[in-house]
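Structure first, then comments.
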Amino acid sequence: MSDAVDAIVGQWTAERPDLAAGLWPVEVVARIQRMNRVIDKHLKAFATEHELEVGELDVLFTLCRSGPPYALTAGALIPAAMVTSGAITNRIDRMEAKGLVERVRDGQDRRTVRIRLTERSLALTESLIAEHLRGYAELLAPLDPATRATVAGALRTLLEENGDTSIT
């Protein structure tokens with residue numbers, strides 16, 4: 001079976017035969033990039049279907065997986081969302097206006113404000129995550145369990161070796 005990346009490699013090989021042995025990174029990186037576009041398209045459609053933005057889904061899932069009381073500071077959300085403090089503030093403002101999150105003062109330090117899921121958004125998020133995982137499973141369905149484990153391990157190695165060791 002041949003794909004668009006094979007065509008790209010074939011074109012480069014025809015144009016620059018001297019580079020043929022060095023084109024193997026294109027086979028990996030281009031496929032990761034193309035798969036990322038497939039995932040992004042899937043995620044955007046999923047969010048839109050539920051009248052959310054992708055960034056809002058990210059905040060909902062991050063708060064939900066943090067466990068009770070399902071609240072984090074805006075600063076703690078920044079690394080998970082991979083956005084600036086201004087962007088996270090705007091996102092939280094929009095989500096608060098939609099009734100998805102609420103700002104609550106910390107009981108021990110009133111200067112600290114936590115962003116917390118509302119009861120409605122907690123129920124929504126718990127139902128969305130199951131649906132979200134089914135969608136991802138469908139994307140990965142062509143891979144057998146052993147191949148999925150191999151791909152996950154290889155990607156983990158690449159991320160760790162390239163400095164992406166964040167757990168958020």
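In Å², and per residue, what accessible area does the chain have when probed at 1.4 Å with the other protein chains present? Provide the component values of the computation, followed by the final result.
Working: 11240 Å² over 168 residues.
Result: 67 Å² per residue.
Quick one: of the DSSP bridges fully inside the chain, what percent are antiparallel, nearest 5? Could you put the intermediate results ahead of the total?
Details: 8 of 8 bridges.
The answer is about 100 percent antiparallel.
How much length is gained if the chain between Ala21 and Arg103 is pulled fully straight, taking 0.36 nm per residue apart and subtracting their Cα-Cα distance, in nm to one decimal? Mind showing how you got there, number by number?
Numbers: separation 82, 0.36 × 82 = 29.52 nm, distance 5.59 nm.
Gain in length upon complete extension: 23.9 nm.
Quickly estimate the mean residue ellipticity at 222 nm for the chain, helices only: each DSSP H run with n ≥ 4 gives -39500 (n - 2.57), and the total goes over all residues, rounded to 500. Before the final figure, lay out the partial values.
Numbers: 7 runs with 110 residues, N = 168.
Only helices count here, giving -21500 deg cm²/dmol.
Relative to the Cα centre, what is the charge dipole magnitude of the chain, using +1 at the beta carbon of each Lys and Arg, -1 at the beta carbon of each Asp and Glu, and rounding to the nearest 20 debye? Numbers along the way, then the final one.
Details: 20 positive and 24 negative charges, 125 e Å.
Dipole about the Cα centre, nearest 20: 600 debye.
Order 59-71, 84-96, 102-114 from most to least packed using the mean count of other Cβ atoms within 10 Å. Working shown, then result.
Numbers: 59-71: 17.2, 84-96: 15.1, 102-114: 11.4.
For the peptides 59-71, 84-96, 102-114, the packing ranking is 59-71, 84-96, 102-114.
Simple spin-label model, 7 Å along Cα-to-Cβ: Ser127 to Leu143 in nm?
Output for this residue pair reads 3.0 nm.
Taking square-rooted eigenvalues a ≥ b ≥ c of the alpha carbon gyration tensor, is segment 89-168 rounded, prolate or oblate, where a/c under 1.5 means rounded and, failing that, a/b exceeding b/c means prolate? Don't skip to the end; give the middle numbers.
Values: a/c = 3.42, a/b = 1.74, b/c = 1.97.
Oblate is the answer for segment 89-168, as a/c is 1.5 or above yet b/c matches or exceeds a/b.
Taking all protein chains as present, what is the carbon and sulfur share of the accessible area of the chain, in % to the nearest whole number, probe 1.4 Å?
On the way: 6510 of 11240 Å².
The computed percentage sits at 58.
What do you get for Rg/Rh of the chain when both radii come from the Cα atoms and Rh is the Kirkwood radius?
Values: Rg = 20.4 Å, Rh = 18.9 Å.
Checking Rg against Rh, the ratio lands at 1.08.
The values are calculated or read from the model by the stated rules, or taken from the named source; none is laboratory data. Only a predicted model underlies this, so the values are computations on that prediction, with no experimental measurement involved. Virtual Cβ from ideal backbone geometry, glycine too; neighbours counted across all protein chains shown. The protein model used for the area step is the full one, side chains on, heavy atoms only, and it has no ligands, DNA or RNA in it. Shrake-Rupley method; radii C 1.70, N 1.55, O 1.52, S 1.80 Å.
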